[in-house]
Ligand code: SF4
Ligand code: FES
């Protein structure tokens, strides 16, 4: 059994049940004290593109895919608290163009050669590119060379595909009760490191059942000996749109264990 997120949408609501509203693309949306714009939007079935956000984990605000316009100022919906009366634009050509540029930058910054990646069809970055109508990487490819860690018996880490979203970092700390991952370095030198004496996964506390081993939105953390079990055409984003509300829970429950 994979350890599950312990919070759900209702957990994020405080005891204060008084409802206020914000407006997203002209739609009035209720929120409760303590909710972010992302919390309120998702609870109301309104999709705001996101990569580093996951319900139940501390917001991180790093990918910037969730950029929205609040009174002509840009803000990250996953970290911005909902405030009564906010007039928010979300699904606009300008914001989607900005999101496309961010997605292009993520693609060229790492090794995202979709046809050769086991995560193809299950990758949220790839699905986001399709969702936004991204046609190419636009920018020159970085061709990063970061260390691959295949030392662990059941989990593999390919840092070249890491988008530094810190979902695995937060899942390990906040759900698994460990501290397996960390981001080190800055700028183009930023990379995922493993908290173990050798720096290798094999010497860490990571177990196959950890949420951190399954939460990666791209093909950076993969479960060994389960590759290509699900044929192309039957993978997550062959069957679902990335904008489907609640999809992340479906994805996690679909994750297969190596011994299945
Ligand atoms: S390994 Fe995956 S989950 Fe962890 S920071 Fe990189 S992209 Fe995010
Ligand atoms: S989802 Fe908000 S910054 Fe990543």
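Condition (residue is within 12 Å of ligand 2 (Cβ to nearest atom), closer than 21 Å to residue 242 by Cα and in a helix (DSSP H, G or I)) applied to the stretch 126-146: is it met by at least one residue? Within the stretch 126-146, one or more residues are within 12 Å of ligand 2 (Cβ to nearest atom), closer than 21 Å to residue 242 by Cα and in a helix (DSSP H, G or I).
Would the stretch 95-108 turn up any residue that is more than 25 Å from residue 217 (Cβ to Cβ), more than 16 Å from ligand 1 (Cβ to nearest atom) and surrounded by fewer than 19 Cβ atoms within 10 Å (Cβ to Cβ)? Checking the stretch 95-108: not a single residue is more than 25 Å from residue 217 (Cβ to Cβ), more than 16 Å from ligand 1 (Cβ to nearest atom) and surrounded by fewer than 19 Cβ atoms within 10 Å (Cβ to Cβ). Just name the residue that is nearest to residue 209 (Cα to Cα) out of those in the stretch 151-178 that are assigned to a loop (DSSP other than H, G, I, E, B), more than 18 Å from the chain's Cα centre (by Cα) and touching a residue at least 40 places away in the same chain (Cβ under 8 Å). Looking at the filtered set, the residue picked out is 154. Checked against (1) in contact with a helix residue (DSSP H, G or I) (Cβ under 7 Å, 6 or more places away or on another chain); (2) buried (at least 19 other Cβ atoms within 10 Å of the Cβ), residue 140 passes all but condition (2). Condition (residue is more than 20 Å from the chain's Cα centre (by Cα), part of a loop (DSSP other than H, G, I, E, B), touching a residue at least 12 places away in the same chain (Cβ under 8 Å) and surrounded by fewer than 15 Cβ atoms within 10 Å (Cβ to Cβ)) applied to the stretch 179-197: is it met by at least one residue? Scanning the stretch 179-197, I find no residue that is more than 20 Å from the chain's Cα centre (by Cα), part of a loop (DSSP other than H, G, I, E, B), touching a residue at least 12 places away in the same chain (Cβ under 8 Å) and surrounded by fewer than 15 Cβ atoms within 10 Å (Cβ to Cβ), so the answer is no.
Conditions tested, residue by residue: (1) assigned by TED's automatic domain parsing to the domain that holds residue 215; (2) over 30 Å from residue 201 (Cβ atoms); (3) modelled with pLDDT under 95.
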| residue | (1), (2), (3) |
| --- | --- |
| 56 | no, no, yes |
| 61 | no, no, no |
| 65 | no, no, no |
| 70 | no, yes, no |
| 80 | no, yes, no |
| 90 | no, yes, no |
| 100 | no, yes, no |
| 129 | yes, no, no |
| 152 | yes, no, no |
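Conditions tested, residue by residue: (1) in contact with a strand residue (DSSP E or B) (Cβ under 9 Å, 6 or more places away or on another chain); (2) farther than 23 Å from residue 125 by Cα; (3) crowded, with 20+ Cβ neighbours inside 10 Å.
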residue: 21; (1), (2), (3): yes, yes, no
residue: 28; (1), (2), (3): yes, yes, no
residue: 33; (1), (2), (3): yes, yes, no
residue: 37; (1), (2), (3): yes, no, yes
residue: 43; (1), (2), (3): yes, no, no
residue: 58; (1), (2), (3): no, no, no
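Of the residues making up the stretch 69-88, one or more are within 19 Å of residue 190 (Cβ to Cβ) and either within 13 Å of ligand 1 (Cβ to nearest atom) or within 21 Å of the chain's Cα centre (by Cα) (or both). Among the residues of the stretch 55-79, which ones are within 9 Å of ligand 2 (Cβ to nearest atom), in contact with a helix residue (DSSP H, G or I) (Cβ under 9 Å, 6 or more places away or on another chain) and assigned to a loop (DSSP other than H, G, I, E, B)? Those that are within 9 Å of ligand 2 (Cβ to nearest atom), in contact with a helix residue (DSSP H, G or I) (Cβ under 9 Å, 6 or more places away or on another chain) and assigned to a loop (DSSP other than H, G, I, E, B): 59, 60, 63, 64, 65, 66, 77, 78, 79. One residue alone among 252, 164, 247, 157 is surrounded by 14 or more Cβ atoms within 10 Å (Cβ to Cβ) and more than 16 Å from ligand 1 (Cβ to nearest atom), and that residue is 247. Of the set (1) in contact with a helix residue (DSSP H, G or I) (Cβ under 6 Å, 6 or more places away or on another chain); (2) more than 16 Å from residue 160 (Cα to Cα), all apply to residue 235 but (1).
The values are calculated or read from the model by the stated rules, or taken from the named source; none is laboratory data. If you're wondering where the values come from, they're calculated on a predicted model, not measured in any experiment. Positions of Cβ are backbone-derived with ideal geometry, glycine not excepted, and every protein chain shown enters the neighbour counts.
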